Structure formats: structure tokens, C-alpha cells
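The values are calculated or read from the model by the stated rules, or taken from the named source; none is laboratory data. Bear in mind that the values here come from a model prediction, so they are computed numbers and not experimental data. Cβ sites come from the backbone with ideal geometry, for glycine too, and all protein chains shown count toward neighbours.
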């Protein structure tokens, strides 16, 4: 299931999940590295993301500006 909207427009499929393009508005973007790589960030599901993958995701989020 997709939770977050990953486009430049539109709402997220899961209402609790902010669209990726809003992540920089809601959070300090570099503060996302630790929750992404720690594997758990309630209410997020448990997942396994490497630091490199987290950095790639942050670069993608920044590209949505």
C-alpha cells in the first residue's frame, strides 16, 4: 500500500501520511535520516533503509520543491 503521495500535486492515499513534497515544511529534512535508518518511527511501519537509501530519499523529497 502506498501511504505518501510522491508527486508534486495531490493528496496522500493515507490521510495521516503527509505528501513527500510537504516533508521539508513539517520537518528539518536532515532530521529524517535517523528515523529512516532506525527501522521504526511510529506510526510508520518497520522497515530497513540504509543511510545511502535515506540520503537518496531526501534528495528525491528535495526535488519535489
Q. Of everything in region 1-34 that's at pLDDT below 85 and more than 15 Å from residue 61 (Cα to Cα), which residue is surrounded by the fewest Cβ atoms within 10 Å (Cβ to Cβ)?
A. 1
Q: Looking at (1) surrounded by fewer than 15 Cβ atoms within 10 Å (Cβ to Cβ); (2) at pLDDT below 85; (3) in contact with a helix residue (DSSP H, G or I) (Cβ under 9 Å, 6 or more places away or on another chain), find the lone condition where residue 39 falls short.
A: (3)
Q.
Restricting to region 12-52, give me the number of residues that are closer than 20 Å to residue 2 by Cα, free of Cβ contacts under 8 Å to residues at least 12 places away in the same chain and not in a loop (DSSP other than H, G, I, E, B).
A. 3
